[in-house]
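Student: One structure follows; several queries about it will come next.
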Amino acid sequence: MAYTFTATANSNTTIGYANYGSTTWNKGSSSGACQGAYQGTSASTSRVGVMVFTNAGATLKGKVIQSIALSITCSSAGSGSSSKVLTFHKATQQSFPSGIKGSAMIGDTLGTLTDKFYGNTTTHYFTPLTNSDLYYALAAYLRAGNSALVLYNGETSTSSGYSTNYARVTSITITVYYESATVWYNNNGTWVQCAVYYNNGGTWVQVAPYYNSGGTWVQV
């Protein structure tokens, strides 16, 4: 059976930014999740945006993710170029940060999206056939139980303007289509569907089952 998970980051506990070298976090939709550099800033003040999708980790952990959509609303900040690049990273914490520098939230790079991202709302779809690199990276990250994304590109700017890809995301909605990671077994002639768990130090942990097809591991 297929399911849908949807969450929006646009509140004081789900979206905001800090400068790379600062512990001050600006929260809420008016601040937005910013990336890049504001006018006349150095690398230490390049902005780090954070977006938290409440309950994503609990809901999607161990699930078979079929597709992902991101609906991204941006204010009219920075350039109005149609080829601005948002750079997504894993987050080192899965709730809105407090007391740590912006730099401490930046994990491994997941991938990029290119669009206008200026005074508009755009929706981007991720499947094995569409934006596949970002699909596989995002799906694995969500399936591992994570709920937060980071925007960061490390750009600096001159005193007269924003950095090339400066952007402010004021609201972002994630929609994930998924199935439970299950297998079937035959119980006296009746096929029964069940989830797969393993025991890790006394704790039962749900996992996504795979099978080997010609040397390639395929999730079921």
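Student: Just check region 13-172 against the gyration tensor rule for me: Cα atoms, a ≥ b ≥ c as the square roots of the eigenvalues, rounded for a/c under 1.5, and otherwise prolate or oblate depending on whether a/b exceeds b/c. Mind showing how you got there, number by number?
Tutor: On the way: a/c = 1.94, a/b = 1.34, b/c = 1.44.
Taking the square roots of the gyration eigenvalues as a ≥ b ≥ c, region 13-172 is oblate.
Student: Where does the chain land at 222 nm, in deg cm²/dmol rounded to the nearest 500, when only DSSP H runs of n ≥ 4 count, each adding -39500 (n - 2.57), divided by all residues? Present the calculation step by step, with values, prior to reporting the outcome.
Tutor: Working: 2 runs with 17 residues, N = 220.
Mean residue ellipticity at 222 nm (helix-derived): -2000 deg cm²/dmol.
Student: Where a Cα-Cα gap under 22 Å defines reach, which lysines qualify for Lys84, not counting those fewer than 8 residues away within the same chain?
Tutor: Within reach: Lys116.
Student: What number comes out for the charge environment of Ser76, summing +1 per Lys or Arg and -1 per Asp or Glu over other residues with Cβ under 11 Å away?
Tutor: Working: positive: Lys116, Arg168; negative: none.
That sum, taken over residues with Cβ under 11 Å, equals +2.
Student: Which residue fluctuates most in the GNM of the chain (Cα springs below 10 Å): Gly102, Gly189, Gly21?
Tutor: It is Gly189.
Student: Further, regarding this structure: Would you mind checking which residues have amide H under 5 Å from Gly111's amide H? H placed 1.01 Å from N; only 5 or more apart, or other chain.
Tutor: Those qualifying (amide H under 5 Å, at least 5 residues apart or on another chain) are Phe88.
We did not get these values from a lab; they are worked out from the coordinates using the rules stated. Bear in mind that the values here come from a model prediction, so they are computed numbers and not experimental data. In this analysis, Cβ positions are derived from the backbone assuming ideal geometry, glycine residues included, and neighbour counts consider all displayed protein chains.
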